[in-house]
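Below is one structure, written out as structure tokens; comments come after it.
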Amino acid sequence: MTDLKQSYSVRLNDGHFMPVLGFGTYAPDHTPKSQAAEATKVAIDVGFRHIDSAYLYQNEEEVGQAIWEKIADGTVKREDIFYTTKVGEELLPKNASGEIILETVDLCDTWEALEKCKDAGLTKSIGVSNFNHKLLELILNKPGLKYKPTCNQVECHPYLNQSKLLEFCKSKDIVLVAYSALGSQRDPQWVDPDSPHLLEEPILKSIAKKHSRSPGQVALRYQLQRGVVVLAKSFSEKRIKENFQIFDFELTPEDMKAIDGLNRNLRYDKLQFAANHPYFPFSEEY
């Protein structure tokens with residue numbers, strides 16, 4: 001990763017650059033989609049240039065419109081924005097009843113389709129999400145592989161620091177991107193309401209107090225110093241501004257070691273809906 005004081009981007013293995021701090025746009029179904037649009041505009045005004053979305057979020061139209069409005073008013077140019085989207089089960093083959101035909105899904109065929117999208121100029125970079133090291137190896141060892149994944153977006157925070165997967169990805173020149181980096185929204189659709197609140201963690205609060213920062217800023221800065229691209233999600237203007245203020249302080253080696261010690265391999269999002277999928281990623285240690 002480049003010097004964080006000089007550049008806020010990391011070079012991907014295809015030569016393109018990804019801003020190390022991204023703005024997450026996921027929101028629970030009950031959140032008005034207009035909020036995603038307004039928050040995206042605030043994020044761009046604050047300085048975010050990496051916007052993360054997905055087909056699954058069902059708000060890409062609103063987020064896209066917000067980006068174009070900020071281009072139209074001169075705040076940014078299109079080339080300034082690194083926009084990430086994700087495709088998934090909506091593209092998989094289904095039977096007449098609408099059920100996914102799992103046995104026909106081939107990971108390498110799907111990757112080839114993404115390679116064709118890149119060749120066609122439909123995307124600059126292609127990567128994966130929620131891949132363990134064995135799934136990554138399936139792609140990397142594919143005969144005739146044209147493009148390696150540039151990144152792997154996974155849940156990653158001090159309670160699930162993904163140290164082994166991070167080491168593996170670094171060895172393959174794949175950037176790890178952290179979602180749920182601040183713990184997770186307590187969306188009952190995904191998250192156990194009894195799961196611990198990361199930002200109430202005493203060690204994070206103690207380190208934050210020492211640096212006159214918030215626990216959230218410490219959790220985000222922790223990822224940057226590990227070489228992880230990190231996504232920050234909030235629709236609060238105050239928090240969006242706060243989440244961007246992580247480039248002007250540095251955690252000490254002692255701070256980093258203390259935060260490393262918080263790891264408990266705790267997942268907020270267990271992807272239970274996909275537990276029977278042949279490529280379910282969480283059956284492996286990393």
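The values are calculated or read from the model by the stated rules, or taken from the named source; none is laboratory data. All values reported here derive from a predicted model rather than from experimental measurement. Ligands, DNA and RNA are excluded from the accessible area calculation, which covers all protein heavy atoms including side chains. Shrake-Rupley method; radii C 1.70, N 1.55, O 1.52, S 1.80 Å.
So what is the relative contact order for the chain, in percent, with contacts set as C-alpha pairs under 8 Å and at least six apart?
It comes to 21 percent, rounded to a whole number.
Using only protein heavy atoms and a 1.4 Å probe, report how much of Lys77 is accessible, in Å² to the nearest 10.
120 Å²
Taking just the alpha-carbon atoms of region 228-286, what radius of gyration and Dmax come out, in angstrom?
16.6, 45
If you build a Gaussian network model of the chain, linking Cα atoms that sit under 10 Å apart, which residue out of Gly261, Gly88, Gly47 swings the most?
Looking only at Gly261, Gly88, Gly47, the biggest GNM fluctuation is shown by Gly88.
Could you let me know the centre-to-centre spacing of region 209-286 and region 111-134, using Cα atoms, in angstrom?
Region 209-286 and region 111-134 have Cα centres spaced 24 Å from each other.
Heavy atoms only, probe 1.4 angstrom, no DNA, RNA or ligands counted: give me Asp255, Asp109, Asp269 ranked by accessible area, highest first.
Values: Asp255 5, Asp109 95, Asp269 25 Å².
Ranked list, largest accessible area first: Asp109, Asp269, Asp255.
Taking springs between alpha-carbon atoms closer than 10 angstrom, which of Glu254, Glu69, Glu155 fluctuates most in the Gaussian network model of the chain?
Of Glu254, Glu69, Glu155, the Gaussian network model singles out Glu254 as fluctuating most.
Looking only at region 103-236, where both bridge partners belong to it, what percent of the DSSP beta bridges are antiparallel (to the nearest 5)?
Values: 1 of 10 bridges.
So the antiparallel bridges in region 103-236 amount to around 10 percent.
Take every DSSP beta bridge with both residues inside the chain and express the antiparallel ones as a percent of the total, to the nearest 5.
Counting only bridges with both partners in the chain, antiparallel ones make up about 20 percent.
What figure, in Å² to the nearest 10, do you get for the accessible area of Asp173 with a 1.4 Å probe and non-protein molecules left out?
Near enough 80 Å² of accessible area.
If you count only protein heavy atoms and use a 1.4 Å probe, how large is the accessible surface of Val46, to the nearest 10 Å²?
Approximately 40 Å² of Val46 is accessible to the 1.4 Å probe.
Top mean-square fluctuation among Ile203, Ile44, Ile67, Gaussian network model of the chain, C-alpha springs under 10 Å?
Ile203
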